[in-house]
Structure formats: structure tokens, C-alpha cells
Amino acid sequence: MFARLCAAALALSLLLAAGPGGAQVAQKPLVRIAFGSCADQTLPQPIWDAVLAYRPQLFIFGGDNVYGDVTTADLRDLRTAYATARIVPGMARLRQSVPHLAVWDDHDYGVNDGGGEVRFKAESKALFMDFWELAADDPRRSRDGLYHAVTIGPPGKRVQVILLDTRWFRSPLKPTDQRDAPGKERYLPDPDPAKTMLGSAQWAWLEERLREPAELRLVVSSIQVVAEGHGFERWGNLPAERQRLLDLIRRTEAAGVVLLSGDRHLAALYRESAGTPYPLVEITSSSLNRPYHGSREPGPNRLGGVYGDTNFGTVDIDWWEGTVTLAVRDEAGQAVRRTAVRLEELRPR
Ligand SMILES: [Fe+2]
């Protein structure tokens, strides 16, 4: 086991080298990134064969990386979930051989749709940091939450990956008055300006990150950001916070933002232009092995239909052409939804 851990750590260190100002910079540009979310460790996970065949330079775990909803004070469920996930063959192979980053969502946080009120979140975070082998000097060890960022690649071809923590600080959501009614299945938008998605420390940190130089910024939010048309968890449940994010991108003049999300047990592509500094494209990929086949919902800013079978997401970058291609891929690795965006479009006007 020790040798396997070392191999994974070595792979990440080859990709990431310390650069000026503590930023993570390496010389080799990223052109192939894959990501996914919602991996149930109690069910088979055949999709990893396709993920590995795609040969990503980087894989991003977007949350619900295990299902360990907590029912006892010793967090037995979450501990068992991680112990089981550790020996899922495909995931283990990926963790050994592919540089990767991870952030959590509600089911590896420990409470369905949980937010800042969760009492055992420090214990849950410790289990996360252990499983994902965070280095002893990792900044996440010395602050609240699990938000994190790295920049990879040489000037002119830098990819900044920003992983947001949408759990640790989040205010309570406003419950629906009509469960399962289309558009308000679980929650209603709450305009209360005092409510927060990221919390003040993470917002300040995010502003600093967005002011750092990068040509492409993959902003990873476990829950959907610009998606409309449903009343499950999404940034639209706290509309002031959603707008704050769009305004922050505009104010910092942060070019190149593309949004990656999960959580929904369906996949889809979205493109939002209202209230944004430039068209914001979002790719949602979920689930790696626990699909929700019955998924149909309105999609006012969605590109095409939702995809309800197991899937992972890919980000292909053509630096010469200046294009980023986002794809949802099925269990065979075939693209079932795809859109492309030009980097020159992703600049505040
Ligand atoms: Fe999930």
C-alpha cells in the first residue's frame, strides 16, 4: 500500500511544481482533464475503465466521492465508506496512476444537503484529508473547509483549478412548500442577503484567486451554479450569492472561467449570459455509477437535454486554436453531450 501511495504522490508532484508566490506551476500544459462525481462505493464502478482509457492528465473528484451519510457519533458510516472505496478496483487504479484533486459534496460531508450547521464537520473533514492524502503542509489543514486552488502550466497556457467548498459555511436553505412540484422540488430561492454559500473567508480567498493570472479557470462547485429550472440544490437557491459570484468574476476581470459541477445524478451542459460578465458555460457530470434514469426537467439555459445514465465529464483544451471542448461521456467513453467555447469569448467586456 505504501508504494501505491507514493506512486500517486509522485504523479501529482510531477504535474505540480512550486512556482513564484507559492502558486503551483509546472511547464507541461494541460490538454486533457476528466472529472466526475457521485460514486457509490457499495455498487460496481465499471466506468473507471473508460476514464482511464481517456488518459486524463488530471482527474477532478467533484464530490459525493463516497456515500457515507452519518448516523452515529463515531462517524462509522463514513469511515466504512472510505475503507470500501479504497479497494474499488477502478478508483484505486485511477488514484494510483492519475494526478487528481478532490472536493466534497453532501454525502462525503456526511449529511444529505447538509450545510454549515453540521456539528461533526471537523471530524468528517479529517476523514476526507486522510483518504485524499493531503500533504502535512497543505493549507486546507490549517483553515476551515476544504476550498483549494492550483494553477498548472506555463504562462500563456495556465489552467487554474478552483475547488469551492459549498458545504462548510453554507446557510440553511429555504424548504419548499410543495415537495416534488416541478421547479420547487426541495427548496425555494431565498433572497435573504445575510445568507451565504461560501462564507466570508472563502469569498475573500476566491477574490484573491481570481486576481491571479490564468488563461483558463475551472471553477468546481459540487452543486450547480448557473443551472435553472429545478428546485433541488443549486446556487439559485441563494440568488444573491449566485449574483455575487457573477459580479466577482466581472470585478476581478477574471478571464477564462468555465464551471464544473455534479450532485444531480444527471449530466447536462448550460450556457448563461444574463447578468454575467461573459457567457458562462457549465458542465454538470453526475453520477459515476448511480444514475437517475427518470430525470426530465425544464432547462431554460440548458444546451440540449439532460443525460440520465452513468457518465463522466471531460475538458479538452486546444491551446493553438484557443478552444475548450466540454463533453459528457458515457460508460464506454463516447461523448453524449458536447459543446465548445473559445477562450477569447471568456473575457469581460
Ligand atoms: Fe450524489
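Read-outs: derived from the displayed coordinates by stated rules, not from any lab. All values reported here derive from a predicted model rather than from experimental measurement. Note that we place each Cβ from the backbone using ideal geometry, even for glycine, and neighbour counts take in every protein chain shown.
Sparse packing (at most 11 other Cβ atoms within 10 Å of the Cβ) combined with a DSSP loop state is found for the following GluC sites (Glu not before Pro) in the stretch 299-349: Glu321.
Charge dipole of the chain (Cα centre as origin; +1 on each Lys and Arg Cβ, -1 on each Asp and Glu Cβ, all else neutral): 540 debye, rounded to the nearest 20. For the chain, DSSP calls about 60 percent of its internal beta bridges antiparallel. Applying D = kT/(6 pi eta Rh) to the stretch 250-322, where Rh is the Kirkwood radius over alpha-carbon pairs, T corresponds to 4 °C and eta to 1.567 mPa s, the Stokes-Einstein value obtained is 95 µm²/s. In plain terms, the chain from Asp318 to Ala122 could stretch by 66.5 nm, reckoned as 0.36 nm per residue minus the Cα-Cα distance.
Defining a contact as two alpha carbons under 8 Å apart and six or more residues distant in sequence, what relative contact order in percent does the stretch 2-345 show? Dividing the mean separation by the residue count of the stretch 2-345 yields 17 percent. Per residue, the chain reaches -6500 deg cm²/dmol at 222 nm when only DSSP H runs of four or more residues are counted, each adding -39500 (n - 2.57).
For the residues Pro172, Pro213, Pro193, a GNM of the chain with alpha-carbon springs under 10 Å puts the largest fluctuation on Pro193.
Residues of the stretch 113-131 with the amide nitrogen closer than 13 Å to a label point 7 Å from the Cα of Ala73, along Cα-to-Cβ, please. Of the residues in the stretch 113-131, 120 have backbone N under 13 Å from the label point off Ala73. Largest GNM mean-square fluctuation across Arg179, Arg290, Arg79, computed for the chain with C-alpha springs under 10 Å, falls on Arg179. Given R₀ = 51 Å, what would the calculated FRET efficiency be for Asp49 paired with Glu253, taking r from the Cβ atoms and rounding to 0.05? The computed FRET efficiency comes out at 0.75. For the stretch 144-158 versus the stretch 196-232, the inter-centroid distance based on Cα atoms is 13 Å. Using alpha carbons only, the radius of gyration of the stretch 2-345 set against its Kirkwood radius gives Rg/Rh = 0.93. Taking a straight Cα-Cα cut-off under 25 Å and skipping sequence neighbours fewer than 8 places away in the same chain, the lysines within cross-link reach of Lys195 are Lys121, Lys125, Lys174, Lys184. Between the residues Leu134, Ala227, Asn65, the greatest Cα displacement towards the positive end of the dipole of the stretch 2-345, with unit charges on the Cβ of Lys, Arg, Asp and Glu, is found for Leu134.
Springs join every pair of Cα atoms under 10 Å in this Gaussian network model of the chain, and among His293, His148, His107 the largest mean-square fluctuation is at His293. Our estimate of slack between Arg290 and Glu185, defined as 0.36 nm per intervening residue step minus the Cα-Cα distance, is 35.8 nm. Of all DSSP bridge pairs formed entirely within the stretch 46-197, close to 75 percent run antiparallel.
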